[in-house]
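Inspection log for the structure reproduced underneath, given as structure tokens.
The values are calculated or read from the model by the stated rules, or taken from the named source; none is laboratory data. Just so you know, these numbers come straight off a predicted model, no measurement behind them. Cβ sites come from the backbone with ideal geometry, for glycine too, and all protein chains shown count toward neighbours. For accessibility, only protein heavy atoms count, side chains too; no ligands or nucleic acids. Shrake-Rupley method; radii C 1.70, N 1.55, O 1.52, S 1.80 Å.
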Amino acid sequence: MARPRKPLLSTDRIVETARALVDAEGLAAVSTRRLAAELGVSGPSLYNHFRTKDEILEAVADSVSGQVDLSMFQDGRDWRTALHDWAVSYRAALRDHPNIVPVLARGPGRRPAGLRLADAVYGAMVAAGWPPAQATSIGALMRYFVMGSALGSFAGGFVDDASAYDPADYPHLQQAHRLADQQEKIDERAFETGLTALLDGLARQYEQVRRTA
């Protein structure tokens with residue numbers, strides 16, 4: 001019998017399947033046994049590619065980091081515009097894969113795509129004239145903000161039942177039951193409002209940096 005032209009299993013196929021499982025059911029759904037069943041292979045065959053479940057989740061996290069656009073740090077955009085556009089791309093990737101955020105929140109570790117992301121942000125800030133220490137803080141600040149925005153929905157946290165907001169108890173929440181219907185619009189607007197405020201503050205700090213340079 002002729003051998004198949006393509007191997008039955010590959011690192012990319014394992015990561016894609018694990019990512020789909022995390023997206024659909026969360027981190028707890030991932031196990032080597034479950035993945036093997038989804039892939040139609042025996043469990044031990046996974047160990048030719050990954051030693052542990054944690055390694056698989058790290059690879060899934062890095063595949064999401066790899067979806068973030070970094071071109072804005074290389075095409076001549078000013079530092080503020082680049083940070084804005086990168087934050088939007090970063091949030092979009094996390095919004096598409098929110099269940100992997102807790103793994104990403106641990107930091108890039110040894111993940112190649114995560115390290116390229118950190119390197120691009122830090123390098124662009126230093127090149128723009130930010131002192132190294134402040135460039136590091138900016139990278140951390142942006143990461144906190146974007147990941148925080150991806151961890152949950154503000155608008156989605158309110159129920160669409162008007163009776164839940166008795167005016168005797170919550171006199172300022174009479175329209176709160178309408179928030180869930182406009183979840184995406186409200187969350188997007190909140191993200192842009194916060195991002196603009198954050199960048200405005202950094203711009204003021206940047207002017208001080210330039211004056212004292």
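Tabulated results
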item: Residue check for TYR90: modelled with pLDDT of 95 or more, part of a helix (DSSP H, G or I), over 15 Å from the mean Cα position of the chain (by Cα) and of a type in the set (Phe, Trp, Tyr); result: no
item: Any hit, the stretch 87-98, residues being more than 25 Å from SER71 (Cα to Cα) and either surrounded by fewer than 19 Cβ atoms within 10 Å (Cβ to Cβ) or touching a helix residue (DSSP H, G or I) at 6+ places or on another chain (Cβ under 8 Å) (or both); result: no
item: Residues of the stretch 28-40 that turn out to be within 24 Å of ARG110 (Cβ to Cβ) and buried (at least 16 other Cβ atoms within 10 Å of the Cβ), as a count; result: 3
item: Restricting the stretch 151-170 to residues that are farther than 30 Å from ARG106 by Cβ and not in a loop (DSSP other than H, G, I, E, B), the residue that is most open to solvent (accessible area, probe 1.4 Å); result: SER163
item: Selected residue [open to solvent by 30 Å² or more (accessible area, probe 1.4 Å), at pLDDT 90 or above and either assigned to a helix (DSSP H, G or I) or acidic (Asp, Glu) (or both)] from GLY139, GLY148; result: GLY148
item: Qualifying position, being at pLDDT 95 or above and of a type in the set (A, V, I, L, M, F, W, C), among ALA180, ALA197, ALA213; result: ALA197
item: Enumeration of residues in the stretch 27-40 that are free of Cβ contacts under 8 Å to residues at least 40 places away in the same chain and not in a loop (DSSP other than H, G, I, E, B); result: ALA28, ALA29, THR32, ARG33, ARG34, LEU35, ALA36, ALA37, GLU38, LEU39
item: Residues within the stretch 102-136 that are open to solvent by 70 Å² or more (accessible area, probe 1.4 Å), part of a loop (DSSP other than H, G, I, E, B) and either within 21 Å of TRP79 (Cβ to Cβ) or among the aliphatic types (A, V, I, L, M) (or both), tallied; result: 0
item: Scan of the stretch 41-73 for residues that are open to solvent by 60 Å² or more (accessible area, probe 1.4 Å) and either among the hydroxyl-bearing types (Ser, Thr, Tyr) or touching a residue at least 12 places away in the same chain (Cβ under 8 Å) (or both), ordered by number; result: SER42, TYR47, ASN48, HIS49, THR52, LYS53, GLN67, ASP69
item: Hits in the stretch 171-213 - residues which are part of a loop (DSSP other than H, G, I, E, B) and surrounded by 10 or more Cβ atoms within 10 Å (Cβ to Cβ); result: LEU173, GLN174, GLN175
